[in-house]
Structures are given as C-alpha cells and as structure tokens.
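The values are calculated or read from the model by the stated rules, or taken from the named source; none is laboratory data. On a predicted model such as this, the values are computed, not experimentally measured, just so you know. Cβ sites come from the backbone with ideal geometry, for glycine too, and all protein chains shown count toward neighbours. Remember, those area values only see protein heavy atoms, side chains included, never the ligands or the DNA or RNA. Shrake-Rupley method; radii C 1.70, N 1.55, O 1.52, S 1.80 Å.
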Amino acid sequence: MRRLPLSTSLHKEIARERLLRDDALKPFGDRLETIRFVCSFDLEQDILIYADSNGHIQLPLARLRESDSEPVQRNEFAPFEVPSPLQLDITGFPPPYQNPATIIPDRYFAFTSRVISDFASQCCHILRSYYADTAFRRLAKAVISIATCDFKVVEISDVRHLDQDLQSALKIARFDLKERAEAIIPGDRKEQKTYLLLSIRHVMLCHVDSTDKFSYTAPIPFMNGSSPPFPDAIRLLLQALSPAFPPRPGTPVHSLPLEIQDRILEHVSKGPVEAARLGCG
C-alpha cells in the first residue's frame with residue numbers, strides 16, 4: 001500500500017483513527033464535541049473533506065495521487081459550505097386534515113417519548129445536516145423499532161417504501177393504493193389501510209377507508225437535531241403503529257398489584273430500560 005503524500009502532521013491526524021460511515025459526522029457545537037476533526041473521502045466527487053469546529057475544507061483526491069509532488073499542505077484545501085437540510089413546504093399538503101382518535105396509554109406514551117427523545121439527542125449531529133438515503137433508512141427503522149418496543153433490528157425495508165422527501169412519500173402511498181385497488185377482485189370486501197409517512201424531520205399519516213376515501217394528517221415536525229421531538233409527533237407515530245404494539249403481558253407477575261410488580265421489575269436487568277420496556281404494557 002502506498003502512503004498518501006500528505007504533510008507529516010496532517011497524515012498523522014488522518015491515520016490516527018479511520019471509520020467507514022455513510023455520512024459526514026459533525027459533532028461540533030454540542031455535547032458530542034469530543035472529536036477535534038473529521039476526515040471524509042467522497043469517492044463519488046473524488047474529494048477529501050476535512051471538518052473541524054472552524055468549518056469544512058476540501059481537496060481533490062487527484063492531488064493525493066501525485067506521487068512525485070510535494071506533500072499536501074493545509075492551505076491547499078478550499079473552504080466550502082455544507083448544504084442545509086431541505087425545508088418542508090407545508091403548502092403542498094392542503095387541508096382538510098384527518099385527526100386520528102386512537103387512544104395511546106399514558107404509560108406507553110411516557111416511556112416511548114423518553115426513549116425517542118434520547119435517540120434524537122444521540123443523533124443530533126446527523127439530523128442537523130443533509131444525510132444520505134442509507135442513513136435515513138436506518139434512522140427510520142430505528143424510530144419504528146423504538147415506537148413498537150422492538151429494539152432488535154433484523155431487516156431493512158424495501159427502498160421503494162422509504163423516501164426522505166415527504167411529498168414523494170405521499171405519491172408512493174397514492175401509487176400503492178392504486179395498485180392495491182386494481183388487484184382487488186370485484187365483490188371482495190375492501191379493508192381500511194393506514195400509511196405512515198416518516199421523513200424523520202416530519203411525520204404524517206394517510207388513511208384509506210372502506211369506500212376508498214383517501215385522507216391524511218397535517219405534517220408534524222419530528223426530529224431536527226436542535227430540539228427534542230414534538231410530543232404530538234410521537235403520539236401520531238404511536239397511533240400509526242398501534243396495531244404493531246406487542247400484546248399486553250399475561251404472565252402471573254402481571255396479576256399482582258403494581259407495587260409488587262415494580263419490586264420484581266427492579267431485578268429484571270442491571271439498567272432501567274429493559275425493566276421499563278417490560279412494565280410499560
């Protein structure tokens with residue numbers, strides 16, 4: 001392997017720790033700021049990106065391939081601005097809006113809200129900037145797993161059913177409804193259907209009743225990397241996923257008074273999360 005012709009100090013910084021990621025990590029400006037710098041290789045644009053608390057600079061990778069040239073110096077990098085996340089145009093979702101009436105148990109909502117808020121806090125460095133579709137799919141899958149108390153991720157959904165653009169997601173829902181309607185045999189009973197549109201930054205629901213009437217909720221801000229998730233967004237997420245909630249526990253322990261249940265749950269695990277997950281039903 002040929003060493004890159006970098007200056008000694010910059011080469012040591014890059015070689016100190018390398019980690020393959022789908023998106024550029026930006027842990028600058030919050031409690032996650034424990035890393036002094038981040039180097040990213042954008043192979044599609046053939047550039048090296050160096051980021052620290054002062055901003056972002058970049059250099060064509062072709063410069064690093066020059067075997068007989070002088071070592072690369074920091075002043076050869078050009079500064080650039082990282083694109084900001086696209087803002088949702090709310091005018092693309094005109095009323096009337098649907099208001100789901102599903103009741104979410106207070107204990108389930110309280111527990112899930114704390115876990116989702118912690119997840120948003122841990123991912124704030126990703127949410128503050130534009131991220132790739134691969135990262136988006138993992139974020140969306142993680143949110144759904146948390147909302148259904150299924151913390152073991154075993155499958156990534158079909159790319160076709162996940163899109164960061166909420167308007168594109170709405171088109172996917174309408175197209176899926178059309179395909180299903182064409183596949184129904186005349187005389188068969190039409191079932192109601194709910195679509196969860198989750199762009200991470202916003203969440204909304206689409207509902208199709210037995211008469212094929214298509215309605216949707218207003219888009220609600222969800223995770224933005226700067227503030228905790230909105231409670232209304234968490235409640236809407238739980239309403240959409242309520243059919244996937246695990247069944248209420250039916251062990252002999254759950255027939256005991258709550259005070260005794262709490263004492264038993266204290267010994268389920270060393271940490272509080274697993275006990276809360278089992279006891280929130």
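Here are some notes:
- Residues located in the stretch 89-98, provided they are among the hydrophobic types (A, V, I, L, M, F, W, C) and open to solvent by less than 50 Å² (accessible area, probe 1.4 Å): 93
- Residue ID - most open to solvent (accessible area, probe 1.4 Å), chosen from residues in the stretch 32-86 that are in contact (Cβ under 8 Å) with a residue 40 or more places away in the chain and among the aliphatic types (A, V, I, L, M): 86
Yes/no per residue for (1) farther than 24 Å from residue 126 by Cβ; (2) in contact with a Gly (Cβ under 8 Å, 6 or more places away or on another chain):
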| residue | (1), (2) |
| --- | --- |
| 53 | no, yes |
| 57 | no, no |
| 68 | yes, no |
| 76 | yes, no |
| 102 | yes, no |
| 115 | no, no |
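- Within the stretch 103-116, tally of residues that are open to solvent by 60 Å² or more (accessible area, probe 1.4 Å) and among the β-branched types (Val, Ile, Thr): 1
- Qualifying positions in the stretch 189-204 - buried (at least 16 other Cβ atoms within 10 Å of the Cβ) and outside any strand (DSSP E or B): 199, 200, 201
- Reported count of residues in the stretch 205-227, each being on the phi < 0 side of the Ramachandran plot, part of a loop (DSSP other than H, G, I, E, B) and surrounded by fewer than 16 Cβ atoms within 10 Å (Cβ to Cβ), is 6.
- Helices (runs of 4 or more DSSP H) wholly inside the stretch 92-153 containing at least 1 residues that are more than 16 Å from the chain's Cα centre (by Cα): 106-122
- If you go through the stretch 64-75 and pick out every residue that is under 16 Å from residue 52 (Cα atoms) and either charged (D, E, K, R) or outside the structural domain of residue 49 (by the TED database) (or both), you end up with 1.
- Test for residue 144: is it open to solvent by 50 Å² or more (accessible area, probe 1.4 Å), modelled with pLDDT of 90 or more and β-branched (Val, Ile, Thr): yes
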